[in-house]
1. In the range 91-142, what count of residues is obtained for those that are surrounded by fewer than 15 Cβ atoms within 10 Å (Cβ to Cβ) and of a type in the set (S, T, Y)?
2. What is the residue count in the range 217-233 for residues that are of a type outside the set (S, T, N, Q) and in contact with a Lys or Arg (Cβ under 6 Å, 6 or more places away or on another chain)?
3. Which of the following residues is of a type outside the set (D, E, K, R), open to solvent by less than 50 Å² (accessible area, probe 1.4 Å), within 30 Å of R113 (Cα to Cα) and not in a loop (DSSP other than H, G, I, E, B): F80, F64?
4. Which residue pairs have Cβ atoms closer than 9 Å, lie 6 or more positions apart in sequence or on different chains, and pair a first residue in the range 129-141 that is farther than 17 Å from L56 by Cα and touching a residue at least 24 places away in the same chain (Cβ under 8 Å) with a second residue that is crowded, with 16+ Cβ neighbours inside 10 Å and of a type in the set (S, T, Y)?
5. Which condition number in (1) without any contact (Cβ under 8 Å) to a residue 24 or more places away in the chain; (2) farther than 21 Å from A181 by Cα is the one that H7 fails?
6. Return the residue satisfying two criteria in turn: it lies in the range 185-204 and is under 30 Å from A133 (Cα atoms) and open to solvent by 80 Å² or more (accessible area, probe 1.4 Å), and of such residues it is farthest from the chain's Cα centre (by Cα).
7. Could you check the range 157-172 and list, in sequence order, the residues that are open to solvent by less than 40 Å² (accessible area, probe 1.4 Å), in a helix (DSSP H, G or I) and in contact with a strand residue (DSSP E or B) (Cβ under 9 Å, 6 or more places away or on another chain)?
8. Could you please find all residues in the range 5-38 being open to solvent by 70 Å² or more (accessible area, probe 1.4 Å) and over 26 Å from the mean Cα position of the chain (by Cα)?
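The values are calculated or read from the model by the stated rules, or taken from the named source; none is laboratory data. Everything numeric in this text was worked out from a predicted model, so none of it was measured. Neighbour counts are summed over all protein chains in view; Cβ atoms, including those assigned to glycine, are modelled from backbone coordinates with ideal geometry. Areas reflect the complete protein model, heavy atoms only, side chains present, ligands, DNA and RNA absent. Shrake-Rupley method; radii C 1.70, N 1.55, O 1.52, S 1.80 Å.
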Amino acid sequence: MLAAIEHHFVTALDAALADTVYLKTGPSTGPSPSMTELVEVFASRLEPSRLEGDSLTEGREPAFLTQVQRWTADGTTSDFEVPADVWGDVIEVQSPPGQPASRGDDYALEGRRVRFFRPPTGEVVAILRGGPARGFQAKQLAEVSLSIVVWGGTIERTDELFGEVLAAALAATVGLGHFEAGLPVNSGVRLRLLRPVAALTGITRGREKLGRKQLVCASAKLLLRGELEQTVALGTAEAQGLIEKIEYSRTP
């Protein structure tokens, strides 16, 4: 999850900086001895909101098996048919991946056919829900802390670079899609941050001594807030008996 968020912002910064500065993700280590400029992007913490009461299972709902169907879209085709050997009902459509499409505004669902009102490009993803499974699904609010650190040799250069970085980072907060943790595909476990929004929460600037060098450091802190969806769906649910009819006889 944190790596997916870092990747989103690094991709935006890389496009804005046009490969002129080295970009790094993960905890800040500062520039290497041969560097004077560096931009670091670090998602440090994901914290779900506290559950009400004493129960850790508060708000859990039954789990269902899901499958993911993907199509390649070339901008000329509007209709995407779910293959006959793929089970389940379409419950979510994304185009591009991670960006939820709105049913009724972006597409219509006709049986097992996804029909877009405007031909999409890139990749289309459909999530299909099947039968019940052992496990649970739970949703709760969560926050993610993100830091973007800029290193430079002078105050003037650092301020210039930081301005470019901050502008690109804030632009990248518009229209955020879902973020999903990179868990094993067949594990039955899924972790997503749905409908996140982001805001700037602080800016700092100072000097740091790294080895024999004195560098200027400027950083921005962002807070992302969304709905954390946890899904654990393991195999098929155990069969449950259902009483259909009760027959009795009266003893003479």
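1. 2
2. Final tally of qualifying residues: 4.
3. That would be F80, the only listed residue that is of a type outside the set (D, E, K, R), open to solvent by less than 50 Å² (accessible area, probe 1.4 Å), within 30 Å of R113 (Cα to Cα) and not in a loop (DSSP other than H, G, I, E, B).
4. R129/T66; G130/T66; A133/T66
5. H7 satisfies all of (1) without any contact (Cβ under 8 Å) to a residue 24 or more places away in the chain; (2) farther than 21 Å from A181 by Cα except (2).
6. Only one residue tops the list, namely N186.
7. Of everything in the range 157-172, those that are open to solvent by less than 40 Å² (accessible area, probe 1.4 Å), in a helix (DSSP H, G or I) and in contact with a strand residue (DSSP E or B) (Cβ under 9 Å, 6 or more places away or on another chain) turn out to be T158, L161, F162, V165, L166, A169.
8. Across the range 5-38, the qualifying residues are T20, P33, S34, T36.
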